[in-house]
């Protein structure tokens, strides 16, 4: 029966509530009079029975005006009491006036006060009774997952109210670090100490912890997550308050815990004067604009009021995706989406001249270490010669600033990708040394979270599909940074450079990849399967170092580094080659690549990049790599 009532239209439900009130109001008045008369009836009231049926005539319009019938029963909160209070009080005043003006002498005047109490109880109680029935029916129709909310502040209470009104989660308890809140209750939900979490999970059968800590620092969030890791319970968090205010997400749309929450790195607000220096009012070109780094650079650039943004990308789909995103988010910013390769000098010159480019951010590169290791010629042509070609075009077209996005793998590289990026740095240093009209700046940093080459998306995919999670070595460590922070620091470093500078970013503390994998498994509510936990859920499998892979990454070749005005940006002073020496080596390397002579190209890379130490692997490995390269060249 109730299920059929829930299927009524909104207008029918409003009419039903009015009908209920039409019955309850006379009942409340009759109850008040009978109670006042001690349970008996005064026959003198028989001529005035009409007074018991007329209250709805004026009360219902009062309730309509106060909006009582516009409230959705399922989502009623305690504020409904105030609405009923005002409505019933006005109704009692009208009733008093009617009785006085009608000179109904036998009517006991004190029963008017009793009527006020009964009307409040009947009208208000009916609403809460209906709300309970509706929510009970919802709970039966769609059983909800029991959850515990970590954080009993304003955000936590708002989350609880939203979840109670929804159909997916049932909040069972609060947990908060503030002892002053312990044992307090909000809408029947008690606040507990974090130490009680294991018992709460057992007693409430909760299978999820929701973080409602939007104002807590990143380092404190990391501490909380580390404390929750041993519980082996999935954890989600409340969306950012800016997203909630903008309407982009709802409070019910909980997010997975981001990997940056696990690292605990506090963001440093960007300095606006540095962000705008090379961008505001200028024509800015981004090569590789559709990639993970390039696209984030574009997103940061359009916030700094450029005159025009030129998106240069070899991948048609990637170019289409970032162009469409900008069209939706910042339609007022003029943009030009162009397909092309950074190895095409004529195309680059045509673009830079036609659109009067002032600043170039060169993000186009092959970054995946194993792929470049097995395709060395393609990597050398795109990363090293592509950078040199783009830089030559920038000089030819009088571009003011050229910023290269480099990598920590360029420091004492043990792989072709790192060597090509170091060679790219050398070509820019050489151009600056011979007094170029273009200011060349290089920015070197480590892994960025969520980029195309990051392990984080891979681990998430492997965990989602039941594992195993593959880690190359138990002791391998990497630096990590979020993509937005990396893009902001690149732009700021580009504004600080005087020419020929190699900037390195403060990447924080290195992270053991095996620990990262283990923590991601635990915070997904799963157990690592190993010797100590034979019945665990996800195995971590060590696959061995990949070709050219280091155990530890570095950011500096030497020790000659100086600080800058920015706390997260340092300036490195490193060697560079003379123009004639580098040109000779580059010419020979280009000839080897054109001939697809992988062995010669590999040997020349070791000659031009002095610290390229492929021998840090075994000689056996080097022989196998050269044989692989030769086979590809022959093919």
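The values are calculated or read from the model by the stated rules, or taken from the named source; none is laboratory data. From a predicted model like this one, the values you see are computed outputs, not experimental measurements. All Cβ positions, even for glycine, are placed from backbone atoms using ideal geometry, and neighbour counts span all protein chains on display.
Rundown of residues vs (1) closer than 29 Å to residue 476 by Cα; (2) out of contact with any strand residue (DSSP E or B) (no Cβ under 7 Å at 6 or more places or on another chain); (3) surrounded by fewer than 24 Cβ atoms within 10 Å (Cβ to Cβ), yes/no style:
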{"residue": "383", "(1), (2), (3)": "yes, yes, no"}
{"residue": "400", "(1), (2), (3)": "no, no, yes"}
{"residue": "410", "(1), (2), (3)": "yes, no, no"}
{"residue": "423", "(1), (2), (3)": "yes, yes, no"}
{"residue": "433", "(1), (2), (3)": "no, yes, yes"}
{"residue": "446", "(1), (2), (3)": "yes, no, yes"}
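Return the residue satisfying two criteria in turn: it lies in the range 275-296 and is in contact with a strand residue (DSSP E or B) (Cβ under 9 Å, 6 or more places away or on another chain) and within 30 Å of residue 220 (Cβ to Cβ), and of such residues it is surrounded by the fewest Cβ atoms within 10 Å (Cβ to Cβ). Per the criteria, the residue is 292.
Remark: residue 88 falls outside the filter, which requires a residue to be modelled with pLDDT of 75 or more, surrounded by 19 or more Cβ atoms within 10 Å (Cβ to Cβ) and under 43 Å from the mean Cα position of the chain (by Cα).
To keep it simple, each residue is scored yes or no on (1) farther than 17 Å from residue 228 by Cβ; (2) in contact (Cβ under 8 Å) with a residue 60 or more places away in the chain.
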| residue | (1), (2) |
| --- | --- |
| 158 | yes, yes |
| 167 | yes, no |
| 173 | no, no |
| 177 | no, no |
| 182 | yes, no |
| 188 | yes, no |
| 204 | no, no |
| 207 | no, yes |
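Residues in the range 304-321 that are under 20 Å from residue 278 (Cβ atoms) and surrounded by 15 or more Cβ atoms within 10 Å (Cβ to Cβ): 304, 306, 307, 308, 309, 310, 311, 312.
Residues are listed down the side, and each one gets a yes or a no for (1) assigned to a helix (DSSP H, G or I); (2) in contact with a helix residue (DSSP H, G or I) (Cβ under 9 Å, 6 or more places away or on another chain); (3) in the same structural domain as residue 613 (by TED's automatic domain parsing):
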| position | (1), (2), (3) |
| --- | --- |
| 319 | yes, no, yes |
| 322 | yes, yes, yes |
| 327 | yes, no, yes |
| 337 | no, yes, yes |
| 341 | no, yes, yes |
| 347 | yes, yes, yes |
| 352 | yes, yes, yes |
| 366 | no, yes, yes |
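Name the single residue that is surrounded by the most Cβ atoms within 10 Å (Cβ to Cβ) among those in the range 61-85 being at pLDDT below 70 and part of a loop (DSSP other than H, G, I, E, B). For the range 61-85, the residue satisfying everything is 76.
Give the range 464-491 a look and list any residue that's modelled with pLDDT of 85 or more, in a helix (DSSP H, G or I) and in contact with a strand residue (DSSP E or B) (Cβ under 6 Å, 6 or more places away or on another chain), or say none. Those that are modelled with pLDDT of 85 or more, in a helix (DSSP H, G or I) and in contact with a strand residue (DSSP E or B) (Cβ under 6 Å, 6 or more places away or on another chain): 489, 490.
Just a yes or no: is a residue in the range 239-253 surrounded by fewer than 21 Cβ atoms within 10 Å (Cβ to Cβ), in a loop (DSSP other than H, G, I, E, B) and modelled with pLDDT of 65 or more? No; the residues of the range 239-253 include none that is surrounded by fewer than 21 Cβ atoms within 10 Å (Cβ to Cβ), in a loop (DSSP other than H, G, I, E, B) and modelled with pLDDT of 65 or more. The single residue among 372, 357, 333 that is assigned by TED's automatic domain parsing to the domain that holds residue 546, in contact with a helix residue (DSSP H, G or I) (Cβ under 8 Å, 6 or more places away or on another chain) and closer than 19 Å to residue 410 by Cβ turns out to be 372.
For residue 591, state whether it is at pLDDT below 85, over 40 Å from the mean Cα position of the chain (by Cα), part of a helix (DSSP H, G or I) and surrounded by fewer than 19 Cβ atoms within 10 Å (Cβ to Cβ). So residue 591 does not fit the description; no.
In the range 412-437, which residue that is more than 37 Å from the chain's Cα centre (by Cα) and in a loop (DSSP other than H, G, I, E, B) is modelled with the highest pLDDT? Ranking the qualifying residues of the range 412-437, first place goes to 437.
Taken over the range 106-156, residues that are exposed (fewer than 14 other Cβ atoms within 10 Å of the Cβ) and either within 30 Å of residue 89 (Cβ to Cβ) or at pLDDT below 75 (or both) amount to 13.
Residues in the range 540-560 that are modelled with pLDDT under 70 and either touching a helix residue (DSSP H, G or I) at 6+ places or on another chain (Cβ under 7 Å) or not in a loop (DSSP other than H, G, I, E, B) (or both): 547, 548, 549, 553, 554, 555.
Assess whether residue 460 counts as being in contact with a helix residue (DSSP H, G or I) (Cβ under 9 Å, 6 or more places away or on another chain) and within 19 Å of residue 577 (Cβ to Cβ). Considered against the rule, which asks whether it is in contact with a helix residue (DSSP H, G or I) (Cβ under 9 Å, 6 or more places away or on another chain) and within 19 Å of residue 577 (Cβ to Cβ), residue 460 comes out as no. For the range 162-197, residues that are in contact with a helix residue (DSSP H, G or I) (Cβ under 9 Å, 6 or more places away or on another chain) and assigned to a strand (DSSP E or B) total 11. If you check 17, 93 for being modelled with pLDDT of 75 or more, assigned by TED's automatic domain parsing to the domain that holds residue 123 and either within 29 Å of residue 187 (Cβ to Cβ) or outside any helix (DSSP H, G or I) (or both), only one passes: 17. The residues listed here are 231, 208, 159, 200; of these, the one that is out of contact with any helix residue (DSSP H, G or I) (no Cβ under 6 Å at 6 or more places or on another chain), closer than 23 Å to residue 526 by Cβ and modelled with pLDDT under 85 is 231. When residue 405 is tested against (1) in contact with a helix residue (DSSP H, G or I) (Cβ under 9 Å, 6 or more places away or on another chain); (2) in a helix (DSSP H, G or I); (3) within 30 Å of residue 519 (Cβ to Cβ), only condition (2) is not met. Residue 29 - would you say it is farther than 21 Å from residue 14 by Cβ, touching a helix residue (DSSP H, G or I) at 6+ places or on another chain (Cβ under 9 Å) and either modelled with pLDDT under 80 or not in a helix (DSSP H, G or I) (or both)? It is false that residue 29 is farther than 21 Å from residue 14 by Cβ, touching a helix residue (DSSP H, G or I) at 6+ places or on another chain (Cβ under 9 Å) and either modelled with pLDDT under 80 or not in a helix (DSSP H, G or I) (or both). Only one of the listed residues (391, 378, 337) is in contact with a strand residue (DSSP E or B) (Cβ under 7 Å, 6 or more places away or on another chain) and under 30 Å from residue 599 (Cα atoms). That residue is 391.
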